[in-house]
Amino acid sequence: MTGKHVNRVLLQESRFKGEIRRFEIYNDKFVKVDIHNVFGDTTYHINMSLLEPWPVFHRQISWPWLLALVYFGLTTLIYGFWLWRHPDGQTLARLLPFIVIFTLLTLGSLLMFLYRSPNVLEFRSRYGGCPLISLLKNKPSKTEFRHFRDELKTRVLAASQVIAFDKRQMRSIELQELRRLAAQGVLDEEAFRRARERAMQLQI
């Protein structure tokens, strides 16, 4: 990119997820996001004027995997309790395969729950409240994370103070950008729909 000036870079790695995230603040008012994981590579750019300057810490709970974890865990405990109350060889031979299977399913559900439920700091869109930048908390270190977070907040605030459009125009621009990100596959259609509904409900 001609005339590109990089202000700060944050590189984050989640070994558990096999994922690498790279965030690059450039030209004072843009953020480039690169995400590499087992599902492929994703790259997109964000104009900071679209962001709410106050990020939110969020644990992204994966409810389906949490329910699966509870179900398989309770089933394993029930089988184990029954085996403990009836410790004869016939009951052991009948129940042990089920206990092994459900124990493995419980461990698998736990791993998927942890994989799908990262602890992140989210920078969201100004009107639709759609998460656009998700930083893994305190990675690669607390100091690097804090420096990048603080610079991003400062630059988002600065970008918001030089906006030359009124709120209706900015809302329209934001929705266009969210639609672009949905078309790129960065956002799913459900996230885009919720953000659009929230934005259009605002009285501005």
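The values are calculated or read from the model by the stated rules, or taken from the named source; none is laboratory data. If you're wondering where the values come from, they're calculated on a predicted model, not measured in any experiment. No Cβ is skipped: glycine too gets one built from the backbone with ideal geometry, and neighbour counts run over all protein chains shown.
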> Going through region 51-66 one residue at a time, which ones are under 18 Å from Phe148 (Cα atoms) and either surrounded by fewer than 15 Cβ atoms within 10 Å (Cβ to Cβ) or touching a helix residue (DSSP H, G or I) at 6+ places or on another chain (Cβ under 6 Å) (or both)?
Replying inline: Leu51, Pro53, Trp54, Val56, Phe57
> What do you reckon, is Phe39 of a type in the set (Phe, Trp, Tyr), farther than 22 Å from Leu157 by Cα, loosely packed, with under 13 Cβ neighbours inside 10 Å and under 23 Å from the mean Cα position of the chain (by Cα)?
Replying inline: yes
> In region 123-144, what residues are farther than 22 Å from Trp65 by Cα and charged (D, E, K, R)?
Replying inline: Arg124, Arg126, Lys139, Lys142, Glu144
> Regarding Arg22, is this residue surrounded by 15 or more Cβ atoms within 10 Å (Cβ to Cβ) and among the basic types (Lys, Arg)?
Replying inline: yes
> Can you tell me which residues in region 151-187 are more than 20 Å from Leu135 (Cβ to Cβ), of a type in the set (Gly, Ala, Ser) and part of a helix (DSSP H, G or I)?
Replying inline: Ser172, Ala182, Ala183
> Looking at region 72-106, which of its residues are closer than 30 Å to Val120 by Cα and in contact (Cβ under 8 Å) with a residue 12 or more places away in the chain?
Replying inline: Phe72, Gly73, Thr103, Leu105, Thr106
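Here are some residues: Val33, Val56. Which one is under 29 Å from Val162 (Cβ atoms) and in contact with a Phe, Trp or Tyr (Cβ under 6 Å, 6 or more places away or on another chain)? Talk me through it step by step, then tell me what you get.
On the way: Val56 fails: in contact with a Phe, Trp or Tyr (Cβ under 6 Å, 6 or more places away or on another chain).
After ruling out the rest, the residue left standing is Val33.
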>> I need the strands (runs of 3 or more DSSP E) fully contained in region 23-127, keeping only those with at least 2 residues that are farther than 30 Å from Arg179 by Cα.
In response: none
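Which one of Leu77, Leu69 is touching a helix residue (DSSP H, G or I) at 6+ places or on another chain (Cβ under 7 Å) and not assigned by TED's automatic domain parsing to the domain that holds Phe148? Explain how you work it out, then say what you get.
Values: Leu77 fails: touching a helix residue (DSSP H, G or I) at 6+ places or on another chain (Cβ under 7 Å).
Every option except Leu69 fails the conditions.
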> Within region 30-37, is there a residue that is of a type outside the set (Val, Ile, Thr), touching a His at 6+ places or on another chain (Cβ under 8 Å) and modelled with pLDDT of 95 or more?
Replying inline: yes
